[in-house]
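These notes concern the structure reproduced below.
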Amino acid sequence: LVPVLVSLPLACLAESILSARRLQAFSADVTAKIRTLTVVLGWERARLLFYVLLGLPYVLVALLILGGALPAWAWLTFLSVPLVARNILTLRRATADQPQVLAGLDRQTAQAYLAFGVLLICSLILA
């Protein structure tokens, strides 16, 4: 059960990459009547989902550390917060009809995922 719990933060961040891509294509998907999760949820709820997918891994890591499933070294993952904050600020500036503002959001999200993952692996090695 512990390996599954430890993988949840990475799963959330992996899904956030896909969510970022769908947010970039939101207006095109609406115009083409493509029913993606982002279109079904609508712009505001899709943005909220993205925020949750970016924030939840840090909550999970904190809970897993406090619960003893992860070593204290896992606090290192919080060094990737500035990368996530950059993504949140980028999305806050965007509107549904301005996909150009979101150019590169999926790439930035992947960078945050990489940083988080490497820091998590380092914390496991150091423990």
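The values are calculated or read from the model by the stated rules, or taken from the named source; none is laboratory data. Model, not experiment: these values are computed from the prediction. Each accessible area value is taken on the protein alone, full model and side chains, heavy atoms only, with ligands, DNA and RNA left out. Shrake-Rupley method; radii C 1.70, N 1.55, O 1.52, S 1.80 Å.
Assorted remarks:
- The angle separating the long axis of helix 43-66 from the principal Cα axis of greatest extent in the chain is about 0 degrees.
- Potential lengthening between L5 and Q98 on full extension [0.36 nm per residue; Cα-Cα distance subtracted]: 29.8 nm
- Relative to the longest principal axis of the Cα atoms of the chain, the long axis of helix 105-126 lies at roughly 10 degrees.
- At a probe radius of 1.4 angstrom, the accessible area of the stretch 1-92 per residue rounds to 55 square angstrom.
- Kirkwood's formula applied to the C-alpha pairs of the chain gives a hydrodynamic radius of 15.1 angstrom.
- The chain, helix-only ellipticity at 222 nm - DSSP H runs n ≥ 4, -39,500 (n - 2.57), divided by all residues, nearest 500: -24000 deg cm²/dmol
- Extension gain, L48 back to A127 (0.36 nm per residue minus Cα-Cα distance, nm): 25.0 nm
- Axis angle, to the nearest 10 degrees, between helix 81-93 and the longest C-alpha principal axis of the chain: 20 degrees.
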